[in-house]
Amino acid sequence: MDAEELFVYRKHKAAETIQAWPYEKVSKNLSDIIDLPTPGAAEWTPWDQSFYDFVDLHKEGKFLVGNVGEDSWFLFAPASGELPDAGLWFILAPQMKAKGVLGNRALVALREVATDRGLI
């Protein structure tokens with residue numbers, strides 16, 4: 001599967017799995033869904049803190065969560081007030097754990113999916 005086919009596949013999977021989560025659920029479960037260490041633990045880093053900061057920054061808006069295949073997930077915060085669309089990706093595979101910030105193309109695709117599903 002080339003990069004474009006993978007993008008189309010993941011957008012389709014997002015459309016199948018996307019769901020709204022309230023701030024409380026995201027905040028309570030963040031360390032589990034993104035596999036973060038416990039705040040203040042020896043392995044805690046500013047990068048880890050940035051994920052909590054992201055959730056707190058968007059708490060007045062909406063959160064959309066979904067699986068885009070295998071062990072790959074997203075957390076999408078549609079634009080709210082002064083804040084633009086933003087999101088995170090994370091992989092929770094047994095052999096690999098990773099997390100990062102969604103790029104613009106993914107944000108545009110997730111906005112389209114969420115709009116089509118009537119979630120925004």
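The table below gives the values:
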read-out	value
The chain, helix-only ellipticity at 222 nm - DSSP H runs n ≥ 4, -39,500 (n - 2.57), divided by all residues, nearest 500	-13500 deg cm²/dmol
Label selected from [x] 63; [y] 55; [z] 67, the criterion being percent of Cα pairs over 17 Å apart as computed here	[y]
For the chain, accessible area per residue (1.4 Å probe, heavy atoms of protein chains only), Å²	58 Å²
Point-to-point label distance, Leu119-Lys25, nm (Cα→Cβ direction, 7 Å offset)	1.0 nm
Where only C-alpha atoms are counted, convex hull volume of the stretch 77-120 per residue in Å³	83 Å³
Neighbourhood net charge (9 Å Cβ-Cβ; Lys/Arg +1, Asp/Glu -1) for Ala109	+3
Simple Cβ-charge dipole of the chain, Lys/Arg +1 and Asp/Glu -1, about Cα centre, in debye nearest 20	200 debye
Segment Met96-Asp2, length gained on full extension (0.36 nm per residue, minus Cα span)	31.7 nm
Sulfur and carbon atoms: percent of accessible area, the chain [1.4 Å]	55 percent
Computed over the chain: relative contact order in percent, which uses C-alpha pairs under 8 Å that are six or more apart	25 percent
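The values are calculated or read from the model by the stated rules, or taken from the named source; none is laboratory data. Every value quoted in this text rests on a predicted model; they were computed, and no experiment measured them. Positions of Cβ are generated from backbone atoms using ideal geometry, with glycine treated the same way; all protein chains shown enter the neighbour counts. What goes into the accessible areas is simple: the full protein's heavy atoms, side chains included, and nothing from ligands, DNA or RNA. Shrake-Rupley method; radii C 1.70, N 1.55, O 1.52, S 1.80 Å.
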